[in-house]
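Step one of this worksheet: look at the structure below.
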Amino acid sequence: MTTHIIGLTGGIATGKTTVANYLASAYNLPILDADIYAREAVSVGSPILQAIAQRYGEQILLADGNLNRQKLGEIIFNNQEERNWVEGLIHPYVRDRFLEEIAVSSAQTLVLVVPLLFEAGMTDLVTEIWVVSCSEQQQLERLMRRNHLTLEQAQARIMSQMPIAEKVASADIVLNNSSIIEIILKQVDAAILSIEPSPVTCATFFRES
């Protein structure tokens, strides 16, 4: 029976994937990723993708029928009303997928990676909230480099989310990813060991230096 559900969140490009990958590899924890379910929601032929195409026209689709994410991003990250409309379709789907997986899980501890945990109103799905943070400048630089965005595009994406300071204020655990990777992984180790009674068997307590 699942007794611990960690809600792993933070700002865009703060390092959630790094933490999730480590929890999976070092602690054998099952990872449920909101981004994967969001992609499922707009898969070719899905009702949600059809609704999006009806609203924005066939130009929102690539030649193979998949969603043109770049074009959709240009729309929703510059228009709050349109972003709310799209999220109003996708968030309920993601929530239902989480509930399905939680219901059938036999793991004592699950990790839900939810970038918009607060914004989507999914905090009730978890028993504790871990927020990955870094400085605003680091976040901006990482996002521009990772997604090949202009300064204005990156700023629009960051501004579309709840300020990281507000997420940190509501966190049970804060993981600061402003330094080298070894530092945040040690923070993850400490966070896991703080869970009582210990719900996991660590596969790798000591990493190679």
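The values are calculated or read from the model by the stated rules, or taken from the named source; none is laboratory data. Since this is a predicted model, take the numbers as computed values, not measurements. Don't worry about glycine lacking a Cβ; one is built from the backbone with ideal geometry, like all the others, and counts go over all protein chains shown.
Quick look at the numbers
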quantity: Residue count for the range 85-137, restricted to those that are over 20 Å from Thr18 (Cβ atoms) and not aromatic (Phe, Trp, Tyr); calculated: 29
quantity: Residue selected from the range 25-83 under the condition in a helix (DSSP H, G or I) and among the β-branched types (Val, Ile, Thr), by the criterion nearest to Arg157 (Cα to Cα); calculated: Ile76
quantity: Where a residue in the range 162-184 is touching a residue at least 40 places away in the same chain (Cβ under 8 Å) and its partner, wherever it lies, is in a loop (DSSP other than H, G, I, E, B) and small (Gly, Ala, Ser), with Cβ under 7 Å and at least six apart; calculated: Ile164/Gly11; Asn177/Gly15; Ser178/Ser135; Ile184/Gly15
quantity: Failed condition for Ile173, given (1) within 15 Å of the chain's Cα centre (by Cα); (2) crowded, with 18+ Cβ neighbours inside 10 Å; calculated: (1)
quantity: The range 13-27, residues that are crowded, with 19+ Cβ neighbours inside 10 Å, farther than 13 Å from Ile192 by Cα and not charged (D, E, K, R); calculated: Ala13, Thr14, Gly15
quantity: In the range 123-150, the residues that are buried (at least 20 other Cβ atoms within 10 Å of the Cβ) and assigned to a loop (DSSP other than H, G, I, E, B); calculated: Val126, Cys134
quantity: For Ser106: the one exception among (1) of a type outside the set (Val, Ile, Thr); (2) assigned to a helix (DSSP H, G or I); (3) touching a residue at least 40 places away in the same chain (Cβ under 8 Å); (4) exposed (fewer than 14 other Cβ atoms within 10 Å of the Cβ); calculated: (2)
quantity: Boolean, Ala20 is outside any loop (DSSP other than H, G, I, E, B), in contact with a Ser or Thr (Cβ under 7 Å, 6 or more places away or on another chain) and either under 25 Å from Phe118 (Cα atoms) or assigned by TED's automatic domain parsing to the domain that holds Arg145 (or both); calculated: no
